[in-house]
Amino acid sequence: MDSLLTRYRNVSILAGVLFLQVIGLGVQVRRKNDMESSRLIRVWVVSAVTPLEKGFIWAQTSTGNLWRNYLYLRGVRDENRALRQQIEQLRLEQVRLSDDAHQARRLQALLGFKEQFISKTVAAQVIGSSGSVQSRTIYIDKGERDGLAVDLPVITAEGIVGKVLRVYNSTSQVLLINDQTSGAGAILESSRLQGILRGSPTGQVLLEKVMADEQVHPGDKVLTSGGDQVFPKGLPVGTVMSVEKGRESFLDIRIKPAANLSKIEEVLIITEKQEREPSLAEEGAARAVDILADRLPSVPQPAPGTVVGAKPAAPGATPASGAAASPTPASPVSGQPKPPVHKTPEAAPQGEPAKPPAPPQTGASGQDQ
Amino acid sequence: MPITYTSSEQIEVYRFSIPVTIAVPLLAVFLQAFLPQRVHFIDLPLLVTIFFAVARRSQIAGLLTGSVIGMLQDALANFPIGVYGIAKTVVGYGASSLGVKLDVENAGSRFLVTLFFYIVHEVVYFSVARGLVRLELAWSWPHELGAALANAVLAVPLFMLLDRFKQRA
């Protein structure tokens, strides 16, 4: 027996190591949440790797800033001139939007809707990724000591990015929306159709659970629906890239994310949302048009090129005002600590065509096999 | 053909200092995290696993090195720890077994060995990920072969660089 073991010692050790790893995998898969079972190993590895990553990013940023801010100033005058012109245009736009804002707040107050305001955000820098083809996660340089917690939404100025998956002392792991284990509630801006946003094994973002008899067209804008209890309602997700008939009478809708998920450098983590009724006194930065569009019961306007479900408004629906029907995308967060941002009503507006897929419990937290 | 059979007397066994043994795998995992997403098919931890396994020519050292590097990689991902661990354990064992029998010190043989073990790694990885963890993965032969070629090409200069850390046992 001894000689047999000695003879096959290496193979025995190989089998033993593999067996232990399979058992370890089984334990993690069996538990719904692997946060506890493998946390220690993850903390060690993250603690070993992230200081290097932070140092590297710091050096890279410092060198880049030195180059951009002090050495490479070509074209700055022209850019300055163009920006001044843009400011003038934006001022005109602001006048129009402030009127809309005032009107929207008045109507909101009349309707008694509660809003979710993003009252606190934390800016963070991306310091690395998982380095794996199948695992679409990134690491950021903020963690528990900065007030971050699991399941907080992560966004950029362009749109949503993902949510916090794991939190360590000074770093966090963010699950991107194109990871196959992620999920979020989403709504098509023009038709108000709701679906579930998921990542695919190949890293694409898909909108699922939209019935095949609905009309969705490339170019339609997709926003967060707020139904997942993670992302506030109305944040930009992306635009529809393609629509195909899928299985089980649902559409296969591919989304082009608003945020460039493969080139994220900085993100905002929404650490605090406040729910309150809007007051007339507030004259925050615009988005009034969006508030109207989101809050008021509206009949989708059939415009050429944009496809609306061609469904009649539900009984009781009130035709929207011109501003309300305007499908201006919600502008998310400005990066300031207290931007007046998005809102989620307690109840869906009356008459909103209800497309019912159950709001996902953002798969990711449940995905931790 | 660059791969040649050698007698066990001709095979040189190398060892590495402790700082190199610890720092190189960590550096590989660290650099992997910095690769742009579109080139994540480059698997630096796998290349390091193959290099150490072939150079040490010890099956136990090879499988343990692969196991540790794989689990390091798993810890940074969002799926259970062990998926990369199992795949790299098998590769570490296989590469060191091959290193015992064949001379895999020249560029041509290193290219072929990496090409072969990349495919082995992916097959084991996909089997474990789909069979045990129920991950949905899309297998594509053209993609896998292309990735294997890219890794094999990268392995040649990388192994030459890592040769500098070898010490004769």
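Only the coordinates and a few stated rules stand behind these numbers; no lab work does. Bear in mind that the values here come from a model prediction, so they are computed numbers and not experimental data. Note that we place each Cβ from the backbone using ideal geometry, even for glycine, and neighbour counts take in every protein chain shown.
Counting only other chain Cβ atoms within 10 Å of each residue's Cβ, the peptide B:157-166 averages 0.
Rounded to whole numbers, the Karplus 3J(HN,Hα) couplings from phi for the range A:44-59 are 4, 5, 4, 5, 7, 8, 5, x, 4, 5, 4, x, 5, 5, 4, 4 Hz, using 6.51 cos²θ - 1.76 cosθ + 1.60 with θ = phi - 60°, and x at Gly and Pro. Between the alpha-carbon centres of the range A:143-209 and the range B:74-93 there is a gap of 25 Å.
Its DSSP H runs of at least 4 residues, each contributing -39,500 (n - 2.57), put the calculated 222 nm mean residue ellipticity of chain B at -23000 deg cm²/dmol, to the nearest 500. Applied to the range A:131-141, the Karplus parametrisation 6.51 cos²θ - 1.76 cosθ + 1.60 on θ = phi - 60° returns per-residue 3J(HN,Hα) values of x, 10, 5, 8, 9, 9, 10, 10, 10, 10, 8 Hz, with x for Gly and Pro. Distances between placed amide hydrogens fall under 5 Å for A:G246 paired with A:L251, A:D252, all partners being 5 or more residues away or on another chain. Close amide-amide hydrogen proximity is noted between A:S130 and A:T137, each under 5 Å apart and 5 or more residues distant or on a separate chain (H modeled in the peptide plane; Pro and chain starts excluded). Inter-part distance, the range A:63-81 to the range B:100-164, computed on C-alpha centroids, equals 44 Å. Set the bar at 31 Å for Cα to Cα. Now go through A:K142/A:K256; A:K142/A:K245; A:K54/A:K233 and name every pair that lies beyond it. Result: A:K142/A:K245; A:K54/A:K233 exceed 31 Å. Quick check: from the Cα gyration tensor, does the range B:4-168 come out rounded (a/c under 1.5), prolate or oblate? Prolate is the answer for the range B:4-168, as a/c is 1.5 or above and a/b outweighs b/c. For peptide B:22-32, the mean count of partner chain Cβ atoms within 10 Å of a residue's Cβ comes to 3. A simple spin-label model places pseudo-atoms 7 Å from Cα toward Cβ; at A:R9 and B:K101 they are separated by 2.1 nm.
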